[in-house]
1. LEU246's amide H: which non-local residues (gap 5+, or another chain) put their own amide H closer than 5 Å, with H modeled 1.01 Å from N in plane and none for Pro or chain starts?
2. Given H placed on each backbone N at 1.01 Å, which residues far from ASN271 in sequence or on other chains put an amide H within less than 5 Å of it?
3. Please compare each pair in LYS141/LYS302; LYS149/LYS227; LYS18/LYS58; LYS15/LYS81; LYS209/LYS231; LYS273/LYS302 to a cut-off of 18 Å on the Cα-Cα distance and tell me which ones are over it.
4. Could you give each residue of the stretch 219-226 its phi-based ³J(HN,Hα) in whole Hz, using Karplus coefficients 6.51, -1.76, 1.60 with θ = phi - 60°, and x for Gly or Pro?
5. Non-local amide H neighbours of LEU55 (under 5 Å, H modeled in plane, Pro and chain starts lacking H): which ones?
6. Take the alpha-carbon centre of the stretch 26-40, take the same for the stretch 172-240, and report the distance between them in whole Å.
7. Per DSSP H run of at least 4 residues, take -39500 (n - 2.57); add these up for the chain, divide by its residues and hand me the 222 nm value, nearest 500 deg cm²/dmol.
8. Just to be sure I understand: of the beta bridges DSSP finds with both ends in the stretch 189-319, what percent are antiparallel, rounded to 5?
Amino acid sequence: MLSTDLKFTLLLSSKFEKFQRKSDYLFNCRCPLCGDSQQHKNKMRGYIYRKSNSLFYKCHNCGTGTTIGSIIKQLDSNLYKEYLLERYTTGENVSHISVPKLFNIAPIRFGKLNDAIFENAERCDSLPDTHFCKIYLTKRKVPTSLFDKLYFTPNYKKLCDEVYPNHNKEIVNDARLVIPFYDEWNSLCGISGRALTSAKLQLRYVTIKTNDSLNKLIYGLDRVDFKKPIKIVEGPLDSLFLNNCLASGDSSLIQTAKNVSAIEKILIFDNEKRNKDIVKLMKDAINLGHNVVIWPDNIQGKDINEMVMGGLSLSEIETIISNNTFKNIEAHTKLLFWKKV
């Protein structure tokens, strides 16, 4: 089956704009179904990849996920007849591909084909130690080993226009720390800019998507292991301090949890017992059966980053989370006492 899929993928290659072979069974192209980005003609968000003994197609713009046979049928009916004939003559079962089907394909990690290269931003690990963005990260105690995951831009508007000209947001030309969002397949899907010099005058965080997907932006999908328990916090920077952690980018941790398939999810809201909205969200999460962290009364700092800056080690925070994760009746009881203290 794999050899036939590969043969006809190569025969079909002329139908794919900017078709590129990345490895033996991985191909990249502009999506022929949705047309990909109309503003960025170099955007290539269609992938053909191997899963088990077959090839599949996935577009990270329109969300299509289907067999390569279905794509062949849609793009070239004559070639599709040859494809069916060859599969029949080689003894392969063709009944399941006679009618195109769409699948919810489990995430396949391709590995980042290239580190993000922006004309209007540079990686923080390449900045001089005296640069104010690097000083900011150092003061926040972000591990230096993760500086290469973050970028700096002196002009955030230009960067937003570069990665997605159709963002339709009013954005100020200011200097920002840039946090790139990648999806499960390691494709860039959004950026968030944290104001460095104008935080008191402008929105502290400005986030845009870099595609037309309706999916919620979630930070860290490219880094977590979905076969292990996943922690979910609010802030992207907070997530960098914890093992196997995602960030919602806001307080809607419940919605983020709905969009994540994992054997176990642990919701870690900010440590703000005086915030009625946070308390309500925690109660809602418990009612839905989620594991929720109820912070001990002696913990200072409203979020993970503040706890680190306050002197807690990463291992200490992991232990606190492990020892203070509750669900169901126990979680409700802990929450009741926590919000009253």
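Nothing in this text is a laboratory measurement; each read-out follows from the coordinates by a stated rule. Predicted model only: the values in this text are computed from it and were never measured. Quick reminder, even Gly has a Cβ in these numbers, built from the backbone with ideal geometry, and neighbours come from all protein chains shown.
1. LYS231, ILE232, VAL233
2. Excluding prolines and chain starts, which carry no amide H, the hits are ASP303.
3. Exceeds cut-off: LYS149/LYS227; LYS209/LYS231.
4. These are the phi-based 3J(HN,Hα) values: 8, x, 4, 7, 10, 8, 9, 6 Hz.
5. Here ILE68 satisfy the definition.
6. Result: 23 Å between the Cα centres.
7. My calculation for the chain gives -8000 deg cm²/dmol from helical runs alone.
8. Here the share of antiparallel DSSP bridges comes out near 45 percent.
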